[in-house]
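Comments concern the structure below.
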Amino acid sequence: MKEPVKIDKDLIKVHGLTDEEYEKIKEVLGREPNFTELGIFSVMWSEHCSYKSSKPVLRKFPTQGDNILVRAGEENAGAADIGDGFAAVFKMESHNHPSAIEPFQGAATGAGGIIRDIFTMGARPIALMDSLRFGCLSDARSRYLLKGVVGGVAFYGNCIGIPTVGGETFFDKTYQGNPLVNVLCLGIVKKDKIVKAQAKGEGNTIFYVGSSTGRDGLGGASFASRELTDESHEDRPAVQICDPFMEKLLLEATLELIESAVVVGMQDMGAAGLTSSTVETASRGNSGIEIDISLVPRREEGMIPYEVMLSESQERMLVIVKKGKEEEAKKIFEKWDLHAAPIGRVTSGNSFLVKDGGKIAAEIPVKALTTDAPVYLREKTKPEYLDGVRNLDLSDVPLPEDLNSIFLKMLSSPNIVSKSWVFEQYDHMVGTNTILLPGADAAVVRMKGTKKALALSCDGNGRYCYLDPYEGGKIAVAEAARNVVCVGAKPLAITNCLNFGTPTDPEIFWQFSRCVEGMAEACKELKTPVTGGNVSFYNENPQGAVDPTPVVGMLGLIEDIDYLCTPWFKKEGDLVCLLGEGEKSLGGSEYLYHVHNLKKGQPPKLNLHLEKALQKTCLEAIKKGLINSAHDVSDGGLAITLAECCILNEENLMGADINLKESEREDVILFGEAESQIIISCSSSNLNKLKKIVRENKVTLKVLGRVGGEKLTIKKEEKPLISQSIQELYTTWKNSLSSYFEM
Amino acid sequence: MRFGVIMFPGSNCDYDCWWAIKEVTGEEVDFIWHKEENITGFDCIVLPGGFSYGDYLRTGAIARFSPIMKKVKEFAERGGLVVGICNGFQILLEAGFLPGAMRKNKHLLFICKYIHLRVENPHTAFTNLCKKGQILRIPIAHFEGNYYATPDTLSTLQKKSQIIFRYCNKEGEITDEVNPNGSLDAIAGVCNERGNILGMMPHPERSCESILGSEDGKLIWKSIVTSLKRIKK
C-alpha cells in the first residue's frame with residue numbers, strides 16, 4: 001500500500017467517517033490528520049469498537065449484583081463470584097460478517113478471539129458454546145456455510161483443547177447469506193488473580209507477543225460495521241487466518257506469566273489490532289502510551305504505519321510488564337517458543353504516540369479515541385410491518401388430518417432434530433469436566449476439587465423478536481434461565497450477543513431498543529445482571545435485515561453435583577407432570593413456520609412473576625431429590641418436548657402414555673408454544689411432597705400421564721392424537737440433520 | 001508406580017491423563033517437558049492426546065522429531081511401558097514405534113463420541129484386568145483415526161495378537177456401521193511385538209469416573225499398575 005498524498009472526501013467516506021466526524025477529528029487534533037491517524041480514528045470510532053449507536057441503549061441493562069466482580073464494560077469480559085475463592089469469567093462474541101464470506105476462517109477466528117478475551121484476564125478457559133443461525137438447509141450455500149462454520153469452530157476449539165460443550169443451531173430464511181456466528185467462552189480464575197486490561201505506571205514496558213503482523217484482516221472492524229452486499233466477497237482479505245496452535249502457546253504462557261506476578265495488564269489484539277489494544281489499555285489506566293512500530297515483528301515487506309496499526313493478524317497480544325521484570329517475562333515467552341518484543345512504554349500524560357523509528361507516525365489524545373468518541377442517539381420508529389404480521393386468524397390455518405405424520409415432520413425439522421452432526425465434530429469432552437453431554441437443556445462443567453459445577457445455556461428466538469421485540473427479549477433471558485434451572489443450577493448472570501440490522505434505520509433501531517428493554521426487564525426480575533457482551537449491527541443481505549436476534553448466554557451455578565438433573569425420562573411407572581402454566585400460542589411457532597410456512601401472530605406472553613416462581617419451584621424440587629427429570633417446554637411445543645424426554649438418552653429410550661385435558665384445537669395443544677412450563681417426571685411416592693412446594697410457590701402442577709412402554713402416546717380426553725414407536729421417533733430425530741450431508 | 005506424561009507444545013489431554021492417574025487411580029505422576037534431557041525414574045510413559053506442534057502437516061509428523069522421542073525410544077528399548085493415546089498413538093506410528101499409519105476418518109469429519117471397544121487380547125501389560133471379548137465404553141475424539149496397515153503387516157498383527165482393541169457395538173459385534181472412522185479391521189488399538197508399547201485412539205483418561213459417563217478407562221490404568229507391580233517383584 002502507498003500513502004495517499006492528500007486526504008479528500010472520498011478517502012474519508014471510504015473510512016466510514018461522516019463529514020461531521022471528520023470535522024471533530026480536526027478539532028481534537030487542532031490540525032488535519034495524517035493518513036495513519038485517519039485510519040486510527042476510523043477503526044476506533046467504528047460501530048464495532050465504539051458502540052456509538054448502542055451505548056445509550058445498553059445503559060438500560062442492570063449490571064450490578066452481589067456476585068458481580070467485574071461489571072460490563074470495565075474489562076474485556078465480565079466476572080461473577082462462584083464461591084470458594086473463584087470467579088467465572090465469561091463472554092460471548094459475534095463473527096457474523098467474516099463467516100458470511102469465509103465460513104471456516106471466520107468462525108475459527110471468532111472462537112480464537114473470544115478465547116483470548118478470557119485468558120487475558122488470567123482465567124483458564126474451560127468451555128466454549130456456540131449459537132449459530134443459517135438460512136434454509138435446502139439451500140446449498142447455507143449447507144456450505146454450516147459445514148464451514150462448524151468446521152471452523154471445531155478446528156479451533158479442538159486444537160487448543162477447550163471443549164465446545166453445547167449451543168444452538170437454528171435455520172430460517174431470514175439468515176440467508178448473513179449467518180449469525182456467536183461464540184461464548186467460559187473461564188475460571190482465582191478471584192485475586194484477575195488481570196486488568198490496563199496500562200498503568202509510567203515507564204512500564206509494552207510487550208508485543210505472538211504471531212507477526214501481516215496485512216491480513218486489514219480494517220476488519222470497519223468491515224464489520226457495514227452491510228453485506230453482493231460485492232462483499234471482495235472483502236475476503238479483511239478476514240483473518242487462524243493459528244490455534246500459536247494461541248495454545250499464548251494461553252499457557254499467559255497463565256504462567258500471571259502466576260509469576262510480573263504483569264501489570266494485558267489485552268488481546270482483536271478488532272483494530274495494535275491500535276485498539278494500546279489505546280484501550282492506556283485509557284483504562286488513565287495513562288499515556290508510546291510505541292515504536294519499527295519494533296513490531298512483521299511477516300510482510302514494505303508495510304506502511306497505517307497497515308501495521310490497522311492489521312488484524314490473529315494470535316497477538318499486548319502485555320504490559322513491570323519495569324525491571326522484562327527478563328523474567330522474556331524467559332517465560334521463550335520457554336513456550338513465543339516471540340515477544342518490547343515495543344514501547346507507559347507514559348504520564350494522555351497522549352497516544354506512535355513512532356516509526358525516528359519519525360512520528362501518529363499523535364492523538366487517548367480519550368478522544370475511547371470515552372470521548374462520538375455517541376449517537378439514533379432515531380427509532382415502530383416498524384410498519386408489525387401490525388400486519390401480528391394478526392393471525394387461526395381459521396386461515398388448516399388443521400392437519402394426520403397428526404402422526406405432522407408429528408414426524410416436526411421432529412425432522414432442522415430446528416428440532418438432534419444436533420449430533422454438529423456437536424460430534426466438537427471435542428466436547430477434553431478437560432474431563434463435561435458432566436452433561438451436549439443435547440440437554442444446558443451444558444454442565446464440573447469444577448475439579450469441589451462439589452460445584454457451572455451450567456451454561458445459549459438462547460434467543462429471532463422469530464419471536466421479529467413479531468414482538470420486547471416480549472422476545474424477555475423470553476430470551478427467561479428461557480436461558482429456565483434451561484439452567486432444569487439441570488439444577490441457580491441462574492447467576494448473563495452475557496449476550498445482539499444481532500441486528502443497520503442502526504441508522506429507525507425501524508431497526510426501534511427493534512434493537514425494544515429487545516434491550518425486554519431483556520433488561522427480565523434480567524432485573526430474575527436477578528441475573530448483564531456482565532458484558534457484544535453488539536453486531538449491519539446484519540443485512542441484499543434482501544434486507546435479519547430478524548432481530550438477541551442471543552443470551554446464561555451462567556448458572558450448581559452447588560452440589562450429586563443433584564444434577566437431566567431432561568430424559570428414567571423409570572417405568574414414573575409420573576409425567578407439567579410444572580407451570582403459560583398460555584399456548586401458535587404465533588411465531590416452529591409449527592407455523594415449518595408446516596404452514598408462516599411467520600405470524602403474537603408470540604407467547606411471558607409473566608415474569610410466574611416465571612420466577614416456576615424456576616424457584618423447580619430448583620427446590622431438584623435439590624430435595626423429588627424429581628427424576630426436568631425439561632423446558634420450548635420450540636415445537638408440548639408434543640416435541642415430550643418426545644425429547646423419551647429419546648434424549650440414546651442408551652435407554654423410554655415411552656410414555658399421556659392424556660391431556662385441554663379444549664383447544666389439536667395442533668395448538670400439541671405444537672403451540674408457551675413460556676414458563678417444564679415437563680418433569682417423578683415417582684408417585686414423591687407427588688405429595690412436590691405438591692407442597694408447588695403450593696408454597698403458588699405455581700401449578702398437572703399430572704399428564706406415566707412413563708413406560710415402547711411408544712409415546714398422546715391423547716386428548718382419552719382420544720388418541722398421536723401414537724408412535726419411540727424407536728421410530730428416535731431414528732427420525734437422530735438422522736435428519738446428517739441426511740442433508742450424505743452424498 | 002511413577003507415571004510420566006509428556007507435554008509437547010500443543011498437547012491438550014496432558015492434564016486429563018494426570019488427573020486420571022493421580023486423582024482417580026491414585027498413582028504418582030509427573031509431567032515431562034518436551035525439552036527435558038533426562039527421563040529416568042519413570043515406570044510408564046504416556047504420550048497424551050492433543051495437536052502436537054499444531055499438527056498442521058500430518059498428525060504426529062513433527063512431534064516424532066522432538067528430542068524427547070529419542071529418550072522415549074531408549075526407555076522403551078529398556079522394556080519400559082509406553083502408552084500413546086490419540087495424538088500419542090499417531091506420534092508412535094509416525095516415529096515407527098508401532099506398525100501402520102493413520103488416514104483421515106472415512107466421513108472426513110472430526111468425531112467425538114462414546115463408542116464401544118472389544119478387548120481382543122487381555123494378556124498384555126495394558127489389559128490384564130480385562131477379560132477376552134470384554135466390551136468397554138470409552139470416548140473417541142479425532143480427525144485422523146482411520147488405521148491402515150499393509151496386508152502383510154495386518155496378518156502379522158493378527159498372528160501375534162498385537163491387535164488389542166477393536167470397535168464394536170453394544171453387544172460386542174463388529175460391523176461396518178459401528179466402525180466410527182473406517183479403520184482397517186476395525187482396529188482401535190495395537191501394541192508392538194514385544195508388548196510394551198500400546199497405541200490407542202480412544203481416550204481411557206476421559207472415562208474413569210461414573211460422573212463422566214463411564215469408569216471403563218480405569219481398567220487400563222489399573223492393568224498397567226498391576227503388571228508393573230509384577231515386574232518389580
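Here are some residues: B:Gly41, B:Gly10. Which one is of a type in the set (Gly, Ala, Ser), in contact with a Lys or Arg (Cβ under 9 Å, 6 or more places away or on another chain) and over 23 Å from B:Ser227 (Cβ atoms)?
Working: B:Gly41 fails: over 23 Å from B:Ser227 (Cβ atoms).
Being of a type in the set (Gly, Ala, Ser), in contact with a Lys or Arg (Cβ under 9 Å, 6 or more places away or on another chain) and over 23 Å from B:Ser227 (Cβ atoms) holds for just one of B:Gly41, B:Gly10, which is B:Gly10.
Which of (1) open to solvent by 10 Å² or more (accessible area, probe 1.4 Å); (2) under 21 Å from B:Phe42 (Cα atoms) does B:Thr175 not meet, given it meets every other one?
(2)
Within the stretch A:375-422, work out how many residues are surrounded by 13 or more Cβ atoms within 10 Å (Cβ to Cβ) and in a loop (DSSP other than H, G, I, E, B).
Of the residues in the stretch A:375-422, 17 are surrounded by 13 or more Cβ atoms within 10 Å (Cβ to Cβ) and in a loop (DSSP other than H, G, I, E, B).
Go through the stretch A:149-169 and give me each residue that's away from chain B (no Cβ under 12 Å) and open to solvent by 10 Å² or more (accessible area, probe 1.4 Å). Step through it out loud before you land on a result.
Restricting attention to the stretch A:149-169, the residues satisfying the condition of being away from chain B (no Cβ under 12 Å) are A:149, A:166-169.
Once the filter is applied, which keeps residues that are away from chain B (no Cβ under 12 Å) and open to solvent by 10 Å² or more (accessible area, probe 1.4 Å), the stretch A:149-169 yields A:Gly166, A:Gly167, A:Glu168, A:Thr169.
If you scan the stretch A:642-657, which residues turn out to be open to solvent by 20 Å² or more (accessible area, probe 1.4 Å), within 20 Å of A:Gln677 (Cβ to Cβ) and either in contact with a Phe, Trp or Tyr (Cβ under 7 Å, 6 or more places away or on another chain) or among the small types (Gly, Ala, Ser) (or both)?
Of the stretch A:642-657, the ones open to solvent by 20 Å² or more (accessible area, probe 1.4 Å) are A:644, A:648-653, A:657.
Applying the additional criterion that residues be within 20 Å of A:Gln677 (Cβ to Cβ) yields A:644, A:648, A:657.
Once the filter is applied, which keeps residues that are open to solvent by 20 Å² or more (accessible area, probe 1.4 Å), within 20 Å of A:Gln677 (Cβ to Cβ) and either in contact with a Phe, Trp or Tyr (Cβ under 7 Å, 6 or more places away or on another chain) or among the small types (Gly, Ala, Ser) (or both), the stretch A:642-657 yields only A:Leu648.
Among A:Phe512, A:Phe569, which is among the aromatic types (Phe, Trp, Tyr), touching a strand residue (DSSP E or B) at 6+ places or on another chain (Cβ under 9 Å) and either more than 20 Å from A:Val389 (Cβ to Cβ) or in a loop (DSSP other than H, G, I, E, B) (or both)?
Unique residue meeting the criteria: A:Phe569.
For the stretch A:116-129, does any single residue satisfy the condition of being in a strand (DSSP E or B), open to solvent by 20 Å² or more (accessible area, probe 1.4 Å) and at pLDDT 95 or above?
Yes; the residues of the stretch A:116-129 include at least one that is in a strand (DSSP E or B), open to solvent by 20 Å² or more (accessible area, probe 1.4 Å) and at pLDDT 95 or above.
Of a type in the set (A, V, I, L, M) and closer than 26 Å to A:Pro604 by Cβ, is that true of A:Ile726?
No.
Tally time: how many residues in the stretch B:154-169 are over 13 Å from B:Leu184 (Cα atoms) and either open to solvent by 30 Å² or more (accessible area, probe 1.4 Å) or hydroxyl-bearing (Ser, Thr, Tyr) (or both)?
4
For the stretch A:246-340, give me every one of the helices (runs of 4 or more DSSP H) that falls completely inside it and has 3 or more residues that are within 14 Å of chain B (Cβ to nearest Cβ) and open to solvent by 10 Å² or more (accessible area, probe 1.4 Å).
A:326-335
Pick out the one residue from B:Leu57, B:Leu98 that is open to solvent by less than 10 Å² (accessible area, probe 1.4 Å), of a type in the set (A, V, I, L, M, F, W, C) and assigned to a loop (DSSP other than H, G, I, E, B).
Matching residue, one of B:Leu57, B:Leu98: B:Leu98.
Return yes or no: is B:Lys22 outside any helix (DSSP H, G or I), within 12 Å of chain A (Cβ to nearest Cβ), over 27 Å from B:Leu154 (Cα atoms) and open to solvent by 10 Å² or more (accessible area, probe 1.4 Å)?
Criteria not met by B:Lys22.
Need the failing condition index for A:Glu74 against (1) at pLDDT 90 or above; (2) in the same structural domain as A:Gly151 (by TED's automatic domain parsing); (3) open to solvent by 30 Å² or more (accessible area, probe 1.4 Å); (4) not in a helix (DSSP H, G or I), just the number.
(1)
Being farther than 21 Å from A:Gly357 by Cα and among the small types (Gly, Ala, Ser) is the filter; apply it to the stretch A:301-329 and report the residue that is farthest from the chain's Cα centre (by Cα).
Looking at the filtered set, the residue picked out is A:Gly324.
Can you tell me how many residues within the stretch A:694-709 are surrounded by 13 or more Cβ atoms within 10 Å (Cβ to Cβ) and more than 34 Å from the chain's Cα centre (by Cα)? Before you say what the answer is, go through the steps one by one.
First, the residues of the stretch A:694-709 that are surrounded by 13 or more Cβ atoms within 10 Å (Cβ to Cβ): A:694, A:697, A:699-709.
Now restrict to residues that are more than 34 Å from the chain's Cα centre (by Cα): A:702-709.
Count: 8.
Kindly indicate the residue of the stretch A:19-50 that is exposed (fewer than 15 other Cβ atoms within 10 Å of the Cβ) and in contact with a helix residue (DSSP H, G or I) (Cβ under 8 Å, 6 or more places away or on another chain) and also farthest from A:Ala282 (Cα to Cα) among those meeting that condition.
Within the stretch A:19-50, the first condition is being exposed (fewer than 15 other Cβ atoms within 10 Å of the Cβ), and the residues that meet it are A:19-20, A:23, A:26-27, A:30-32.
Still in the running and in contact with a helix residue (DSSP H, G or I) (Cβ under 8 Å, 6 or more places away or on another chain): A:19, A:32.
Values: A:Asp19: 28, A:Glu32: 24 Å.
My answer is A:Asp19.
Considering every residue within the stretch A:443-456, establish whether at least one is in a helix (DSSP H, G or I) and farther than 29 Å from A:Leu608 by Cβ.
We begin by selecting, within the stretch A:443-456, every residue in a helix (DSSP H, G or I); these are none.
No - not one qualifying residue is present in the stretch A:443-456.
Look at B:Leu92 and say whether it is out of contact with any Phe, Trp or Tyr (no Cβ under 8 Å at 6 or more places or on another chain), in contact (Cβ under 8 Å) with a residue 40 or more places away in the chain and crowded, with 24+ Cβ neighbours inside 10 Å.
yes
Assess whether A:Glu525 counts as being open to solvent by 10 Å² or more (accessible area, probe 1.4 Å), within 28 Å of A:Ala111 (Cβ to Cβ) and in a helix (DSSP H, G or I).
Here the answer is no, as A:Glu525 does not meet what is asked.
I'd like the residue in the stretch B:1-19 that is away from chain A (no Cβ under 11 Å) and touching a strand residue (DSSP E or B) at 6+ places or on another chain (Cβ under 6 Å) and, out of all such residues, is surrounded by the fewest Cβ atoms within 10 Å (Cβ to Cβ).
The residue in question is B:Arg2.
The values are calculated or read from the model by the stated rules, or taken from the named source; none is laboratory data. The structure presented is a predicted model; accordingly, all values stated were derived computationally and were not measured. Reconstructed Cβ throughout: ideal geometry from the backbone, glycine too, with neighbour counts over all protein chains shown. Please note that ligands, DNA and RNA were not included when accessible areas were found on the heavy atoms of the full protein model with its side chains. Shrake-Rupley method; radii C 1.70, N 1.55, O 1.52, S 1.80 Å.
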